[in-house]
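Notes follow the structure.
Quick note: the coordinates plus some simple rules give every number you see, no bench work behind them. What you are looking at is a predicted structure, and each value in this text was computed from that prediction instead of being measured. When we count neighbours, we look across all protein chains shown, and the Cβ atoms used for this are built from the backbone with ideal geometry, even at glycine.
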Amino acid sequence: MAKYVFLINWTEQGIHEYQDTTKRAERAREWARSLGGDVKEFYWTLGPYDLVAVAEFPDDETVTAWGLKVGALGAVRTTTLRAFNTEEIRPIVERSTSV
């Protein structure tokens with residue numbers, strides 16, 4: 001499955017309802033599972049982002065559907081990053097050097 005990192009910020013609504021943040025995270029995790037994905041971890045962070053999440057989804061279309069559903073709640077805005085581990089990036093790098 002494709003891996004993704006999410007940089008997440010609370011909206012005004014999200015910060016006003018901060019006490020529900022773990023409930024919202026669990027709901028987002030359940031939605032991911034219902035789409036065939038898996039949110040591996042949520043991290044509440046200090047600095048420019050309020051949360052960071054790491055997840056796996058079958059493809060870009062599925063993660064986009066999940067992101068739309070999460071964003072529609074109005075509590076967070078996300079930046080989605082496609083992530084590659086060492087085994088995944090190695091053939092990509094090899095492919096680029098063969099051109």
Check: Scanning the range 42-99 for residues that are surrounded by fewer than 16 Cβ atoms within 10 Å (Cβ to Cβ), in contact with a helix residue (DSSP H, G or I) (Cβ under 8 Å, 6 or more places away or on another chain) and of a type in the set (Phe, Trp, Tyr), which turns out nearest to Ala25 (Cα to Cα)?
Finding: Trp44
Margin query: Restricting to the range 53-89, name every residue that is closer than 15 Å to Lys3 by Cβ and charged (D, E, K, R).
Written below: Glu56, Asp59, Asp60, Arg82, Glu87, Glu88
